[in-house]
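**Q** Pasting a structure here, questions to come.
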Amino acid sequence: MGRILSRQKPFIPVAEPLLDGKELEYVTDCLKSGWISSLGKYVHDFEQGFADYCGVRYGVATSNGTVAIHLLAATLNLGPGDEVIMPSLTYVATANGIKYTGATPVLVDSERQTWNIDPERVVEAITPKTKAIFAVHLYGYPADMDSLRAIADEYNLLLLEDAAEAHGACYKGQRVGALSDAAIFSFYGNKIITTGEGGIIVTNHKEWAERAFFLENQGRYPDNPYWHPEIAYNYRMTNIQAAIGLAQLERIEDMLDIRRRNAAHYNRRLADVPGLTLPPQADWAKNVYWMYSVIVEDEFGTERDELRVKLREAGIETRPFFYPVHILPMYNTGQSLPIAEDLGRRGINLPSGATLTPEQIDYICDTIINLRH
Ligand SMILES: Cc1ncc(COP(=O)(O)O)c(C=O)c1O
């Protein structure tokens, strides 16, 4: 996929999984032993290993990140009449996972500098119905968690993290996932570590972990498996997914080093290009660059969408930033969030996967520089 296919026609994908650790060995073990569903040692080892990595006590693995959000919301008993404040500039799953419970996602604007939820806008959005603040670490950059924690404490709200895109990112030295009351991650194939499809809830609250485990197992108690006192779900991760995940987790530091090295290379090459705003980086933040992204300002001279077309013609795949959720039909109440809208219009994710080579980054940067008017 990411290789140069022929001398004339390169193709560089936005992301590509790197599966050259023990993935095959562990998956083969599942197949040979017959433990291919959600029972089996890898699920537990992966849950515990990932929770330990985050510095959190409990992990409950799920079949994907979207259901991890729903499961978390259900575990916290969110429902109709409850409001959850979150950034509009995020992947739609952040809002959908909350909406599945009947609770209302309250969408607020982002900061121009960090691309993440603006704490000042959070305060303005609080009502008597607000139950939680759901921060998102967009494209691998941590949100301003101290400010959000202060607000959550002052108004007696839960603080949650959607860390789907930010495995290993740090805020003031502490890993995301450990910065709130509970967090979710995704392990989709393009994520920093993957299980193919997959997700997890991490938390220090034992009773929440037990409740999430109960709800994702069709609402059953281990000692009486066919007595179901509530309508619940099958949101379990399989042993095969977890086997891939465990092998990936063993290599997570390598994956992060590669991404940060690639980002430093991009930064060096693009820093002086007028009209491009590079990814946020403050002293207190360790950005893991899930997607190395730039904002295409007017000064660049070529608009974001035209730049994407031209890059595609040069064999370089890119992605536009997410449409802010508040402009999607099912969440559109006519509200205006100017920064999220502007970033959504101008942002572009460049190839960012762990298989990217320095030569490819140079080629991408040369192409971008040549496309400036
Ligand atoms: C911010 C965010 N939240 C949630 C999800 C949902 O994860 P999944 O695709 O595993 O369902 C994603 C996935 O890309 C995401 O980027």
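**Q** Residue separation times 0.36 nm, minus the C-alpha to C-alpha distance between Arg112 and Asp366: what's the value?
**A** Length difference between fully extended and current span is 88.8 nm.
**Q** Still on this model: Highest first, please rank the peptides 158-164, 274-280, 102-108 by the mean number of other Cβ atoms sitting within 10 Å of their residues.
**A** 158-164, 102-108, 274-280
**Q** First obtain the Kirkwood hydrodynamic radius of the chain from its Cα pairs, then insert it into the Stokes-Einstein equation at 37 °C and 0.692 mPa s, and state the resulting D in µm² per second as a whole number.
**A** 154 µm²/s
**Q** Quick one: length gained pulling Asp272 to Tyr226 fully straight, 0.36 nm per residue minus the C-alpha distance?
**A** Answer, rounded to one decimal: 10.2 nm.
**Q** I would also like to ask the following. Provide Rg and Dmax in Å for the stretch 1-104, with only Cα atoms included in the calculation.
**A** Rg, Dmax (Cα atoms, Å): 19.3, 59.
**Q** Spin-label point model (7 Å from Cα, Cβ direction): what's the Asp298 to His373 distance in nm?
**A** Placing both labels 7 Å along Cα→Cβ, they lie 1.4 nm apart.
**Q** Which whole-number percent is the relative contact order of the chain (Cα, under 8 Å, 6+ apart)?
**A** 23 percent
**Q** For the stretch 115-202, what Kirkwood radius comes out of the mean inverse Cα-Cα distance, in Å? Provide the component values of the computation, followed by the final result.
**A** Working: mean 1/r = 0.0751 Å⁻¹.
About 13.3 Å for the stretch 115-202.
**Q** Follow-up question, since we're still on this one. Report, by chain and number, residues whose modeled amide H sits under 5 Å from the one on Val136, excluding near sequence neighbours (fewer than 5 apart, same chain).
**A** Sorted by chain and number, the residues that satisfy this are Ile117, Asp162.
**Q** Taking 0.36 nm per residue of sequence separation and subtracting the Cα-Cα distance, how much length would be gained by fully extending the chain between Tyr155 and Leu328, in nm to one decimal? Present the calculation step by step, with values, prior to reporting the outcome.
**A** Values: separation 173, 0.36 × 173 = 62.28 nm, distance 2.93 nm.
So the extension gain works out to 59.4 nm.
**Q** Same structure again: Would you mind computing the Rg to Rh ratio of the stretch 171-256 from its alpha-carbon coordinates, Kirkwood style for Rh?
**A** Reported Rg/Rh (Cα atoms, Kirkwood Rh): 1.03.
**Q** Continuing with the same structure: Which of the peptides 109-117, 354-362, 44-52 is most tightly packed, and how do the rest follow, judged by the mean count of other Cβ atoms within 10 Å per residue?
**A** 109-117, 44-52, 354-362
**Q** Send over the semi-axes of the stretch 109-156's equivalent ellipsoid, whole angstrom and largest first, taken as the square roots of 5 times the C-alpha gyration tensor eigenvalues.
**A** Sorted largest first and rounded, they come to 19, 11, 9 Å.
**Q** Output the Kirkwood hydrodynamic radius of the stretch 53-174, Cα pairs only, in Å rounded to one decimal.
**A** Radius from the Kirkwood sum: 14.5 Å.
**Q** How much accessible area per residue does the chain have, counting only protein heavy atoms and a probe of 1.4 Å, in square angstrom?
**A** Here the residues of the chain average 44 Å² of exposed surface.
**Q** Counting only protein heavy atoms and using a 1.4 Å probe, what share of the accessible area of the chain belongs to carbon plus sulfur, as a whole percent?
**A** The C+S portion of the solvent-accessible surface of the chain is 52 percent.
**Q** Can you tell me the order of 283-295, 62-74 when each peptide is scored by its average per-residue count of other Cβ atoms within 10 angstrom, highest first?
**A** Descending mean neighbour count gives 62-74, 283-295.
**Q** Using only helices, what value at 222 nm comes out for the chain when you add -39,500 (n - 2.57) per DSSP H run of length 4 or more and divide by the total residues, to the nearest 500 deg cm²/dmol?
**A** It lands at -11000 deg cm²/dmol.
**Q** For the stretch 258-345, what percent of Cα pairs sit more than 18 Å apart?
**A** Percent of Cα pairs beyond 18 Å in the stretch 258-345: 56.
The values are calculated or read from the model by the stated rules, or taken from the named source; none is laboratory data. Everything quoted here is computed from the prediction, not taken from an experiment. A quick note on method: Cβ atoms are made from the backbone with ideal geometry, for glycine too, and the neighbour counts reach across all protein chains shown. Ligands, DNA and RNA are stripped out before the accessible areas are found, and what is left, the full protein with its side chains, is counted by its heavy atoms. Shrake-Rupley method; radii C 1.70, N 1.55, O 1.52, S 1.80 Å.
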